[in-house]
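*Asks:* Quick one: this structure, given as C-alpha cells, is what I'll be asking you about.
The values are calculated or read from the model by the stated rules, or taken from the named source; none is laboratory data. Bear in mind the structure is a predicted one, so any value in this text is a computation, not a measurement. Neighbour counts are summed over all protein chains in view; Cβ atoms, including those assigned to glycine, are modelled from backbone coordinates with ideal geometry. These area figures cover heavy atoms from the full protein model, side chains too; ligands, DNA and RNA do not enter into them. Shrake-Rupley method; radii C 1.70, N 1.55, O 1.52, S 1.80 Å.
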Amino acid sequence: MRKTKIAGIGHYVPDNVFTNEDLTKYMDTNDEWIQERTGIKERRFGTKHKETTTTMGTEAAKIAIERANTTAEEIDFIIFATLSPDYYFPGCGVLLQRELGISKTEIGALDIRNQCTGFVYGLTVADQFIKSGMYKNILLVGAEMHSMGLEFSTRGRNVSVIFGDGAGAVVLQPTEEEDQGVLSSALHSDGTKAEILSLLSPGSHGGHYHENPEEFGFPDPNTPGGVFITDKILENGFHYPFMDGPSVFKKAVVKFPEVILETLKAIDKKPEEIDLLIPHQANLRISQFVQRALKLRDDQVYNNIQKYGNTTAASIPIALSEAWEEGKVKRGDLICLAAFGSGFTWGSCMLRW
Ligand code: ACO
C-alpha cells in the first residue's frame with residue numbers, strides 16, 4: 001500500500017545568536033528565571049531587511065530538495081505553516097514558490113495556520129494527497145520570524161523570552177516499502193479558550209468576542225468599513241502575542257501524552273517501542289513532563305529548545321533535521337512527531353523512517 005516518506009529534510013537558523021543576557025537589555029528578566037522555567041539558553045533572531053519567514057523557509061527547502069535528490073521544478077505542491085507570515089496576505093506559500101524560482105510550474109500552494117501544530121497538520125494533510133496519488137513530491141515548510149513581532153519590554157517578557165526564529169522543511173514522496181512512511185496520525189482542537197494563546201489584532205473581530213470591545217478602540221459599529229489597527233490596540237498591545245502561560249502548561253501536559261498514545265495505539269505499539277520522540281519545542285519543562293508521563297528514556301526524546309527557543313511551526317522540522325544530521329534518526333526507526341499549541345490545537349504522527 002502506498003505511504004508517505006520523508007525523502008529529504010533540511011533546516012535553517014539565522015546566524016544572529018541572542019542570549020538570555022542579551023534580553024536583559026530590553027526587559028526586567030534574567031538567565032536563571034528563563035532557564036529554570038523554559039530550559040532556553042539562547043535563540044536565533046533573523047536580520048531585518050535580510051531575512052524573512054519566507055527566505056528562511058526557502059533556505060531550509062533548498063537543503064531538503066537537494067537531500068531528496070530532486071529539483072525545485074519537480075515539486076508538485078507546497079504547504080507552508082507559520083504564524084509569522086511576511087504579509088497578512090498573500091501567504092508565504094506563494095512567496096516561497098517565487099523565491100524558489102518555480103512560479104512557471106503554477107503548482108498549488110497551501111498556507112497552514114495551526115501555530116505550534118502547523119507542521120503536524122501539514123504533514124497529515126500532505127500524507128492524504130500522497131496516499132490518494134494526487135501529488136508525488138510535496139514540499140512542506142515550517143518557518144517563523146517571531147522576532148519581528150515580539151514585545152521587547154517588561155510588559156511582554158513572559159512571551160518574548162520564549163520565542164526564536166528559524167525554519168525547517170521536508171520533501172514528501174510516496175513509498176511502497178512495507179516498513180517505511182507515515183503509519184498513523186491524529187489531529188485535534190478545542191477552541192473554547194482560543195484567546196489563551198493569541199494575537200488578536202489586526203483582525204476582523206471588532207471586539208466581538210470581548211466583554212469590553214471599547215478596549216480595541218474600533219470606530220462606530222454602524223459605520224461600514226473601519227480600521228484594523230487603532231490607537232487603543234497599539235496602547236494595549238493587542239498587536240503582540242498574549243499567553244496565559246500556566247493555562248497553556250496545564251493543558252499541554254495532558255494533551256501531548258494523550259495524542260501520542262492515540263497514534264501509538266492505532267499501530268498497536270507501546271511507548272517503549274518509540275525510537276525517537278520529537279516533541280514540538282514549546283518549553284523544556286513540558287517536554288520533560290511528557291517524557292515522564294510516557295516513561296521514556298532520555299535517548300528516546302530529542303530536545304534542542306536550549307539553543308533555539310520555541311520556533312512554533314518550525315520547531316519539529318528543525319529538531320528532526322538536526323537529529324537526522326546527528327545520526328539519531330536512521331532507516332527503520334519508529335519516530336513520533338507531536339505538537340500542542342495555540343487554538344488549542346494538538347496532534348501526533350507516527351512514522352517509520
Ligand atoms: N522574567 C522574569 N520574570 C518573569 C518573566 C520573565 N521573562 N515572565 C514572567 N515573570 C514573572 C511574572 O511577572 C510573575 O511575577 P509575580 O509573581 O511577581 O507576579 C512570575 O514571574 C511568575 O509568572 P507566571 O506567569 O506565573 O510564571 P510561570 O511560573 O507560570 O512561568 C511560563 C511562565 C514559563 C510561561 C510558564 O507558565 C509556562 O511554562 N507555560 C507554558 C507555556 C509555554 O511554554 N508556552 C510556549 C508557547 S506555547 C506552545 O508552544 C505550546
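*Asks:* Please report the equivalent ellipsoid semi-axes of the stretch 229-353, computed as sqrt(5 x eigenvalue) of the Cα gyration tensor, largest first, in whole Å. Mind dumping the intermediate values first?
*Replies:* Working: eigenvalues 179, 53, 30 Å².
For the stretch 229-353, the ellipsoid semi-axes come out as 30, 16, 12 Å.
*Asks:* Please build a GNM for the chain, connecting alpha carbons under 10 Å apart, and tell me which residue among Ile335, Ile102, Ile138 fluctuates the most.
*Replies:* In the Gaussian network model the winner is Ile102.
*Asks:* Using amide H atoms built 1.01 Å from N in the peptide plane, name the residues 5+ places from Leu277, or on other chains, whose amide H lies under 5 Å from its own.
*Replies:* Long-range HN contacts for Leu277: Val301, Tyr302, Cys336.
*Asks:* Here's something else I'd like to know. Using a probe radius of 1.4 Å on heavy atoms only, what accessible surface per residue do you get for the stretch 1-152? Whole Å² is fine. Please report the intermediate quantities before stating the final value.
*Replies:* Numbers: 7080 Å² over 152 residues.
The answer is 47 Å² per residue.
*Asks:* Counting Lys +1, Arg +1, Asp -1, Glu -1, what net charge surrounds Val253 among other residues with beta carbon under 11 Å of its beta carbon?
*Replies:* Once positives and negatives cancel, what remains is +4.
*Asks:* Say the dipole of the chain comes from +1 at the beta carbon of Lys and Arg and -1 at that of Asp and Glu; which of Val159, Ser184, Tyr240 then lies farthest toward its positive end?
*Replies:* Selected residue: Ser184.
*Asks:* Using only alpha carbon pairs under 8 Å that are at least six residues apart, calculate the relative contact order of the chain and give it in whole percent.
*Replies:* Details: 828 pairs, mean separation 90.0, N = 353.
Relative CO of the chain lands at 25 percent.
*Asks:* Taking every pair of alpha-carbon atoms in the stretch 3-175, what share in percent sits in each 10 Å bin, from 0 to the bin with the longest distance?
*Replies:* 11, 37, 30, 16, 7, 0
*Asks:* Assign unit charges at the C-beta atoms only (+1 for Lys and Arg, -1 for Asp and Glu), then state the dipole size of the chain relative to its Cα centre in Debye, rounded to the nearest 20. Could the numbers behind the result be given before it?
*Replies:* Working: 36 positive and 47 negative charges, 130 e Å.
Computed charge dipole of the chain: roughly 620 debye.
*Asks:* Nearest 500 deg cm²/dmol is fine: what mean residue ellipticity at 222 nm does the chain get from its DSSP H runs of n ≥ 4 alone, each adding -39,500 (n - 2.57), divided by its residue count? Please report the intermediate quantities before stating the final value.
*Replies:* Values: 11 runs with 107 residues, N = 353.
Result for the chain, helices only: -9000 deg cm²/dmol.
*Asks:* Here is a further query. Using a probe radius of 1.4 Å on heavy atoms only, what accessible surface per residue do you get for the stretch 194-353? Whole Å² is fine. Intermediate values should be presented prior to the final figure.
*Replies:* Values: 7310 Å² over 160 residues.
Here the residues of the stretch 194-353 average 46 Å² of exposed surface.
*Asks:* Can you give me the Kirkwood hydrodynamic radius for the chain, using every pair of distinct Cα atoms, in Å to one decimal? Before the final figure, lay out each step's value.
*Replies:* Numbers: mean 1/r = 0.0486 Å⁻¹.
About 20.6 Å, per the Kirkwood formula over Cα pairs.
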